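Just below is one structure, and these are the notes that go with it.
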Amino acid sequence: MVLREVNEETGVVTVTLVGACGTCPASTQTLKAGIERIMRDRVDGVTEVIAVE
């Protein structure tokens with residue numbers, strides 16, 4: 001995963017999934033149920049994590 005951008009006003013974090021995650025059909029589920037949930041729990045102000053290419 002590569003961190004691309006953090007919008008401090010909206011709390012949106014933009015990432016790029018790399019390697020096998022970039023082409024995995026379950027990557028969206030992993031992003032929302034795993035990465036986003038953990039980041040929202042541990043980083044104040046994070047509201048959403050979005051994957052871009």
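The table below gives the values:
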read-out	value
Matching residues, segment 26-48, being surrounded by 14 or more Cβ atoms within 10 Å (Cβ to Cβ), at pLDDT 90 or above and within 15 Å of residue 1 (Cα to Cα)	35, 36, 39
Filter result for the condition that a residue is outside any helix (DSSP H, G or I), surrounded by fewer than 15 Cβ atoms within 10 Å (Cβ to Cβ), touching a residue at least 24 places away in the same chain (Cβ under 8 Å) and out of contact with any helix residue (DSSP H, G or I) (no Cβ under 8 Å at 6 or more places or on another chain), over 14, 10	10
Tabulated pairs, segment 28-40, first over 11 Å from residue 15 (Cβ atoms), second at pLDDT 90 or above and buried (at least 16 other Cβ atoms within 10 Å of the Cβ), C-beta under 7 angstrom, 6+ apart or interchain	40/46
Selection within segment 26-53 - assigned to a helix (DSSP H, G or I) and of a type in the set (Ser, Thr, Tyr)	27, 28, 30
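The values are calculated or read from the model by the stated rules, or taken from the named source; none is laboratory data. Keep in mind that what you see is a predicted model, and the values were worked out from it rather than measured. Ideal geometry is used to build each Cβ from the backbone, glycine not excepted, and the neighbour counts take in all protein chains shown.
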